[in-house]
Amino acid sequence: MQSSTTHSHALVIGATGGIARQLLEQLIASGRYKKVFGVTRSPDRGDVAGVEYLYADSQSEQSIQAAVQHVLPFGHFGLVICCIGALSGHQNGVELSPEKRLEDITSEQLQSYLLTNTIGPMLWIKHLMPLVKGASKSQIVLFTARVGSISDNKLGGWYGYRASKAALNMLIKTAQVEYQRRAKNVEFVSYHPGTVDTKLSKPFQANVPKEKLFNAEFTAKQLLTHLQTLNIEQSPHYIDWNNQPIQW
C-alpha cells in the first residue's frame with residue numbers, strides 16, 4: 001500500500017482533459033502529496049487551484065526532457081499519471097476516425113495513432129526514472145484501454161486505436177522489467193477508465209448503456225482508490241475502473 005505521507009510529489013501528464021482535471025482536484029484535496037504538478041501543451045488553460053502547471057509537448061522528446069529537468073529539483077515523485085491519448089479528431093495533421101473495415105485503414109492514420117497513444121507515453125517512461133527512482137515506492141499509471149488487450153479482442157475493427165494501445169501495453173510490460181533492475185520500487189499500472197463522458201468518447205456514446213457511461217469524477221476516484229490496494233510484487237498491472245484485471 002502506498003504511503004500516506006506528504007514527502008513526495010504527484011505529476012499528471014495531459015492535465016487539461018476531463019479525467020485529468022478530476023485527478024488533479026482529488027490529488028490536491030487528498031493532501032497526500034507535497035506538491036501536485038500538471039503537464040499540458042497549454043499551461044494557461046490549467047485552472048485547478050493549488051496545481052503548478054508546466055508546458056510539455058509529448059510529441060517532442062526535447063520538450064519532455066525539459067519538463068522533467070524542471071521538476072527534478074523538487075525531489076521524489078510518488079505518483080505519475082499519463083492521461084494523453086486520442087481516439088478521433090484532428091491529430092498530427094490527420095483526421096482520426098476508428099476504422100470499421102480494412103478499406104478504412106491508411107498509413108497516415110496508423111502513424112498518427114502510434115505517435116499520440118504509444119510513442120508519446122513511452123518517451124515519458126524513458127525520462128521519468130530520475131523522478132521516481134529511490135527508496136520510496138512510486139507508481140507510474142498510463143491510460144490505455146480494454147481494446148488494447150490482444151486476448152480480449154472479439155469484435156475487431158478500430159485497427160489503429162487497438163494497435164496503438166496494445167503496443168503501449170507491451171512497452172509498459174517491457175519497461176517494468178528494466179525498471180525492476182534499475183528502480184525496483186517503481187510499480188507500473190495500465191488503466192482502463194471505462195467509457196467516460198468526456199470529449200474523447202463523445203462521438204461513441206450512443207450505444208453505451210447509461211449505467212456504463214461514467215463521469216470523470218467517478219473514474220478518477222476509482223483509480224486513486226485502487227492504487228492503494230495494488231501489490232508491487234505483481235506489477236505491472238492491467239486493470240479496469242472496477243479494479244478487475246484485464247488479459248494482456
Taking amide H positions as placed 1.01 Å from N in the peptide plane, with prolines and chain starts having none, which residues 5 or more places from Leu96, or on another chain, fall under 5 Å of its amide H?
Gly89, His90, Gln91
Run the Debye formula on the Cα coordinates of the stretch 9-240, all scatterers equal and no solvent, and tell me log10 I(q)/I(0) at q = 0.17 1/Å.
-1.35
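At a 10 Å Cβ-Cβ cut-off, how would you order Asp104, Asp44, fewest neighbours first?
Working: Asp104 14, Asp44 9.
Lowest count first: Asp44, Asp104.
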Report, by chain and number, residues whose modeled amide H sits under 5 Å from the one on Gly38, excluding near sequence neighbours (fewer than 5 apart, same chain).
Val12, Glu52, Tyr53, Leu54
Anything in the chain that counts as a DSSP H helix reaching 27 Å or more along its axis (C-alpha) with Kyte-Doolittle mean of at least -0.5? List them, would you?
none
Running a GNM on the chain with Cα contacts under 10 Å, which residue among Gln65, Gln176, Gln234 ends up with the highest mean-square fluctuation?
Gln234
Under a GNM of the chain (C-alpha, springs under 10 Å), which listed residue has the highest mean-square fluctuation: Arg101, Arg182, Arg162?
Arg101
I want to verify a result. In a Gaussian network model of the chain, Cα cutoff 10 Å, which of these has the top mean-square fluctuation: Leu110, Leu131, Leu155?
Leu155
The chain - mean residue ellipticity at 222 nm from DSSP helices (-39,500 (n - 2.57) per run, n ≥ 4, rounded to 500)
-10500 deg cm²/dmol
Among rounded, prolate and oblate, which fits the stretch 63-182 when a ≥ b ≥ c are the square roots of the eigenvalues of its C-alpha gyration tensor, a/c under 1.5 means rounded, and a/b larger than b/c means prolate?
prolate
Among DSSP beta bridges lying fully in the stretch 9-240, give the percent that are antiparallel, nearest 5.
10 percent
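Readers should treat all values here as calculations from the given coordinates under stated rules, not as data from a laboratory. Computed from a prediction, not measured in an experiment: that's the story for all the values here. A quick note on method: Cβ atoms are made from the backbone with ideal geometry, for glycine too, and the neighbour counts reach across all protein chains shown.
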